[in-house]
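The values are calculated or read from the model by the stated rules, or taken from the named source; none is laboratory data. From a predicted model like this one, the values you see are computed outputs, not experimental measurements. Quick reminder, even Gly has a Cβ in these numbers, built from the backbone with ideal geometry, and neighbours come from all protein chains shown. SASA here: full protein model, heavy atoms, side chains in, ligands and nucleic acids out. Shrake-Rupley method; radii C 1.70, N 1.55, O 1.52, S 1.80 Å.
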Amino acid sequence: SKAAIDNSNIIETNNDACQCKLFAIERGYWKDPYLKLLAHSTQHERRTPEISLGYYVRVYGLRSLIEKFIKLTNGQCQIINLGCGFDTTIFYLLDNENLKFKHFVDVDFDELTEVKSMRIQRVPFLQKKFSQANQSLKIPCGFHSSLYTILPADLRDITQLDSQLKRLFEHGILDLTLPTIFISECVLVYMSNEHSSNLLRYLSQTFSQCCLFVNFEQINMNDRFGQIMIENLKQRSCHLVGMDSCQDKTSQCQRYLDANFTSAQCVTLNEYYRKYLNSNEKQRIEHIDGGLDEKELLEQLFEHYCFSWAYRDEKNLGLNRIAF
Ligand code: SAM
């Protein structure tokens, strides 16, 4: 069917992200012993230093917002990773004594969650991270333990997502009264603006007591460089369908406000890199691949990605304080 074909192209974007991350990890940009076990991949093409730096900043920036959220809530929180792919944040958190949380949910299409679940179950190094769950759970999920659930759902189908989440509420796995952080790392761009807006509206309404939505994706795609990026993806049958209305920082934030979030912020990767990234770290990563000849290419690339985040905080827990 047409829908199945469309999904396989979208799912394929996860391979791209994994290949780039694996290359950067192998070069020493950051440490992650888990991704290669999940992605089942040993060979990856060489990437330019700019691309590896971009992935470093993407992972590092998102994790820093997650860590701030965990600290603010003293670990009394839940984390929901939308369009998770083979992302390894769950393992990063489990390895970190200071980063406690109540439950972590990875969500993606069932074709992907099935593979991710199977690999975790079959690789002892991954499997042993999880203790057996005490619930005799009758939910159609790929994997479930006391701290972690892998949940299949199409994020464009709110009815489906809602019934999947409801099962987790009913079994006491998720709790609507707990602060919840949603992560979407290069996911919304693969959905129409209408689908993204519906998703955001549904989440802000369902988790209205206290939720933070954190997003990383392309931005400023109207210039020549942006058009080349879009064209490159299109050639691999991958369409950034969500790019038409979220073109700049203002529209990124407006999308959240329209979906009933209270307040929103957006920073480009350039701004993040200049203002917030630790200068020792910057020194280190810029020299991994022998130093950058000129910064122009990096700045051009970094102008086309952003972090944005928004909150709704009826409990007044202080989510307005979360920023880089
Ligand atoms: N977040 C991961 C990361 O950054 O490493 C994966 C990013 S990959 C570019 C996009 C992911 O979003 C894919 O795994 C894809 O299957 C998922 N995705 C896109 N649209 C989705 C939808 N409508 N429902 C569920 N998952 C979706």
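Summary table below
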quantity	calculated
Test set (1) modelled with pLDDT under 90; (2) within 17 Å of Phe302 (Cβ to Cβ) - Lys234 fails condition number	(2)
Ile183 vs. criteria open to solvent by less than 30 Å² (accessible area, probe 1.4 Å), closer than 30 Å to Asn316 by Cβ and within 14 Å of the ligand (Cβ to nearest atom)	yes
Every residue from the stretch 156-175 that is in contact with a Phe, Trp or Tyr (Cβ under 9 Å, 6 or more places away or on another chain) and under 13 Å from Tyr202 (Cα atoms)	Ile158, Leu161, Asp162
Matching entry among Ser279, Ser237 (being in contact (Cβ under 8 Å) with a residue 60 or more places away in the chain and more than 20 Å from the chain's Cα centre (by Cα))	Ser237
Residues being touching a strand residue (DSSP E or B) at 6+ places or on another chain (Cβ under 8 Å) and more than 8 Å from the ligand (Cβ to nearest atom) - total across the stretch 143-161	11
Count of residues meeting criterion [open to solvent by 20 Å² or more (accessible area, probe 1.4 Å) and either at negative phi or of a type in the set (A, V, I, L, M, F, W, C) (or both)] in the stretch 265-312	29
The stretch 188-209, residues that are surrounded by fewer than 18 Cβ atoms within 10 Å (Cβ to Cβ) and either in contact with a strand residue (DSSP E or B) (Cβ under 7 Å, 6 or more places away or on another chain) or not in a helix (DSSP H, G or I) (or both)	Ser192, Ser208, Gln209
Test: residue in the stretch 13-31 that is more than 26 Å from Leu297 (Cα to Cα), more than 9 Å from the ligand (Cβ to nearest atom) and open to solvent by less than 30 Å² (accessible area, probe 1.4 Å)	no
Any strands (runs of 3 or more DSSP E) falling wholly within the stretch 64-166 and containing at least 2 residues that are surrounded by 21 or more Cβ atoms within 10 Å (Cβ to Cβ) and among the acidic types (Asp, Glu)	103-108
Selection from the stretch 167-177 of residues that are open to solvent by less than 40 Å² (accessible area, probe 1.4 Å) and assigned to a loop (DSSP other than H, G, I, E, B)	Ile173, Leu174
Residues (crowded, with 16+ Cβ neighbours inside 10 Å and not in a helix (DSSP H, G or I)) located in the stretch 33-51	Tyr34, His44, Arg47
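Residue-by-condition table, conditions (1) touching a strand residue (DSSP E or B) at 6+ places or on another chain (Cβ under 9 Å); (2) over 19 Å from Ser8 (Cα atoms); (3) hydroxyl-bearing (Ser, Thr, Tyr); (4) within 11 Å of the ligand (Cβ to nearest atom):
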{"site": "Phe91", "(1), (2), (3), (4)": "no, yes, no, no"}
{"site": "Leu94", "(1), (2), (3), (4)": "yes, yes, no, no"}
{"site": "Phe101", "(1), (2), (3), (4)": "yes, yes, no, no"}
{"site": "Leu112", "(1), (2), (3), (4)": "yes, no, no, yes"}
{"site": "Val115", "(1), (2), (3), (4)": "no, no, no, yes"}
{"site": "Leu126", "(1), (2), (3), (4)": "no, yes, no, no"}
{"site": "Lys129", "(1), (2), (3), (4)": "yes, yes, no, no"}
{"site": "Leu165", "(1), (2), (3), (4)": "yes, yes, no, no"}
